[in-house]
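K.L.:
Right, I'll just put the structure down here and ask away after.
The values are calculated or read from the model by the stated rules, or taken from the named source; none is laboratory data. Bear in mind that the values here come from a model prediction, so they are computed numbers and not experimental data. Cβ placement follows ideal geometry from the backbone for every residue including glycine, while neighbour counts extend to all protein chains displayed. Just so you know, the surface numbers come from the protein's heavy atoms only, side chains and all, with ligands and any DNA or RNA stripped out. Shrake-Rupley method; radii C 1.70, N 1.55, O 1.52, S 1.80 Å.
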Amino acid sequence: MENKTLKAIQELIEVVAKLRAPSTGCPWDLAQTQTSLIPYIIEESYEVVDAIRSQNQLQIADELGDLLLQVVLQAQIAQDEGHFSLEDVAQNITEKLIRRHPHVFGNVKITDDTQIHENWEKIKAQEKASRQESAFLSDQLTQYHRSLPPLMAGQKISKKSARAGFEWENIEGVWEKFHEELGEFQEAIEENNQNHAEEELGDLFFTLINLARWYDLDATRALQGTNHRFIKRLAVMEKYAQRPLSEHNIMELEALWQKAKQWIMDNG
């Protein structure tokens, strides 16, 4: 099994190398850069997540293959430009996993998940110090802002800031902040100032993220669930409607919405 796996990966590496061959490769692949492929990495990552949620194992395998292609292609481009190779990528992550799991590969004794997490954070801090990375919290949070989708970045920033002591004393303080931000957002809307309204909307979103953290809720999963339920209700509405939804007035749409909502409650 191991030999078949290595053979399959080697075949993928060779196919990508041929696609990038200067004289005989594919013009599209040859034109790609590390930067131009960013949208595909994001898209493929989300498609993997969607496949996992669906629990369609064939689809998961297929989407993981698309994501693996992005890794191999990025490494091939870097190798073509003399930066690093797929071997470097694999060696780096292998060494990191071993270094961050001394309770598995070393002599450290750990008894529960809390100790594992504490030890993990300590090792990561040591790694950052050895790379002379900034110890400033703002620099660490900037990395989340630059590298993650906004909602996910907000969750990371909120959690990291709270650990550093930038936190409310109790949940009542968070609710007070929420109502404060909601009022400021409403005022900005009434001013008809789009830039100010967007700033206040962002503040309101961030406060909601903090509320979710206090109640141990996953804000990303919550929004994804709402998106899914909304689309599901629209699909049921379209089944009941005799013509396109755009041709219905608001009262008809509301009636269809309630009908779809009831159907979903009855049928799951």
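K.L.:
Taking all protein chains as present, what is the carbon and sulfur share of the accessible area of the range 56-158, in % to the nearest whole number, probe 1.4 Å?
P.N.:
Working: 3970 of 7160 Å².
Roughly 55 percent of what the probe reaches on the range 56-158 is carbon or sulfur.
K.L.:
In the range 21-121, what GluC sites (Glu not before Pro) fall in a loop by DSSP, with at most 12 other Cβ atoms inside 10 Å?
P.N.:
On the way: sites: 43, 44, 47, 63, 81, 87, 95, 118, 121; in loops: 81.
When the GluC sites (Glu not before Pro) of the range 21-121 are filtered for loop state and at most 12 Cβ neighbours within 10 Å, 81 remain.
K.L.:
Can I get the semi-axes of the chain's equivalent ellipsoid? Compute them from the C-alpha gyration tensor as square roots of 5 times the eigenvalues, in angstrom, largest first. All intermediate terms of the calculation are to be shown ahead of the outcome.
P.N.:
Values: eigenvalues 320, 197, 91 Å².
Taking √(5λ) for each eigenvalue gives 40, 31, 21 Å, largest first.
K.L.:
What number comes out for accessible area per residue over the chain if the probe is 1.4 Å? Units Å², please.
P.N.:
Values: 19440 Å² over 268 residues.
On a per-residue basis, 73 Å².
K.L.:
For the chain, what is the mean residue ellipticity at 222 nm derived from helices alone (per DSSP H run of n ≥ 4: -39500 (n - 2.57); sum divided by total residues; nearest 500 deg cm²/dmol)? All intermediate terms of the calculation are to be shown ahead of the outcome.
P.N.:
On the way: 13 runs with 208 residues, N = 268.
Computed mean residue ellipticity for the chain: -25500 deg cm²/dmol.
K.L.:
Ignoring any ligand, DNA or RNA, what whole percent of the accessible area of the range 183-268 comes from carbon and sulfur when the probe is 1.4 angstrom? Could you put the intermediate results ahead of the total?
P.N.:
Working: 3480 of 6380 Å².
Roughly 55 percent of what the probe reaches on the range 183-268 is carbon or sulfur.
K.L.:
Measuring from label point to label point, each 7 Å out along Cα→Cβ, what is the residue 238 to residue 46 span in nm?
P.N.:
Placing both labels 7 Å along Cα→Cβ, they lie 1.8 nm apart.
K.L.:
Ignoring everything but the protein chains, give the 1.4 Å probe accessible area of residue 84 in square angstrom, nearest 10.
P.N.:
Its heavy atoms expose roughly 80 Å² to the probe.
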